[in-house]
Amino acid sequence: MITARYNWRLGVFAVGQKELSKMWGVTERTAKRELAQMRSLGWITVTVPSGRGRVTQHRINLDTIIAASAPLWGAVGPDYAARMVGAPEPGGAAAETNVIPLHKASPTVDLGDTTGWSQVAARLHVQDPSIYNAWFSQLSVLESCEVQITLSAPSKFVAQYVSSHFLRRIQAAFAAQDGYIRKVTITAQGAA
């Protein structure tokens, strides 16, 4: 309900019992009872009562919900409990992490790269970092000759998508870089 109907700007949600019962997969009577339970616990409060043609508008009291749920945080996990109280996570700074970074680092230009791909990759990153991170960063040089380069993609899908959507962009970047590469081919890893 919060994901689908919460107005983050105003901090309220307005959902009718009929719609709420469909979202929750329960009867309208159960939805009405659950809303009343949440109001009695102080988890939500009515900001605008229902009237002709409009549903009740509620505000979520997050402080009350956090206080009520505190005894259960450990069941979610020790890292969650630590984050909720602002303590350092168990295991300390030396603990191994599996956090995947949201933004990848900019590509570095390899001065010893005779294919020119590292310079082209840097150029593509400057043009559009989001497309570079999503598609071009997955490519690597498979083989290169004087006028042709074959780039390798991790899957057939990536190879086909980049070929159909971004091949001209890659060719233009190669042309702007040195002008020698005339043909760019993208293939999936392991494909002949």
From the residues in segment 32-55 that are modelled with pLDDT under 90 and surrounded by 12 or more Cβ atoms within 10 Å (Cβ to Cβ), which one is nearest to the chain's Cα centre (by Cα)? 55
Name the pairs: first residue in segment 162-178 and of a type outside the set (Gly, Ala, Ser), second residue open to solvent by 70 Å² or more (accessible area, probe 1.4 Å), Cβ to Cβ under 7 Å, at least 6 apart or on different chains? 177/123
Just give me the residues in segment 19-32 being in contact with a Ser or Thr (Cβ under 9 Å, 6 or more places away or on another chain) and not hydroxyl-bearing (Ser, Thr, Tyr), in sequence order. 24, 28, 29, 31, 32
Residue that is nearest to residue 5 (Cα to Cα), among those in segment 42-83 that are assigned to a strand (DSSP E or B) and polar (S, T, N, Q): 57
So which residues in segment 130-159 are free of Cβ contacts under 8 Å to residues at least 12 places away in the same chain and aliphatic (A, V, I, L, M), if there are any at all? 134
Name the helices (runs of 4 or more DSSP H) wholly within segment 2-41 that hold at least 2 residues that are among the aliphatic types (A, V, I, L, M) and touching a helix residue (DSSP H, G or I) at 6+ places or on another chain (Cβ under 9 Å)? 17-24, 28-41
For segment 28-39, pairs from a residue that is within 14 Å of residue 1 (Cβ to Cβ) and without any contact (Cβ under 8 Å) to a residue 12 or more places away in the chain to a residue that is assigned to a helix (DSSP H, G or I) and open to solvent by less than 50 Å² (accessible area, probe 1.4 Å), with Cβ under 7 Å and 6 or more apart or across chains, are 30/21
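The values are calculated or read from the model by the stated rules, or taken from the named source; none is laboratory data. Computed from a prediction, not measured in an experiment: that's the story for all the values here. Using ideal geometry, Cβ is built from the backbone for each residue, glycine included, and neighbour counts are taken over all protein chains shown. Areas reflect the complete protein model, heavy atoms only, side chains present, ligands, DNA and RNA absent. Shrake-Rupley method; radii C 1.70, N 1.55, O 1.52, S 1.80 Å.
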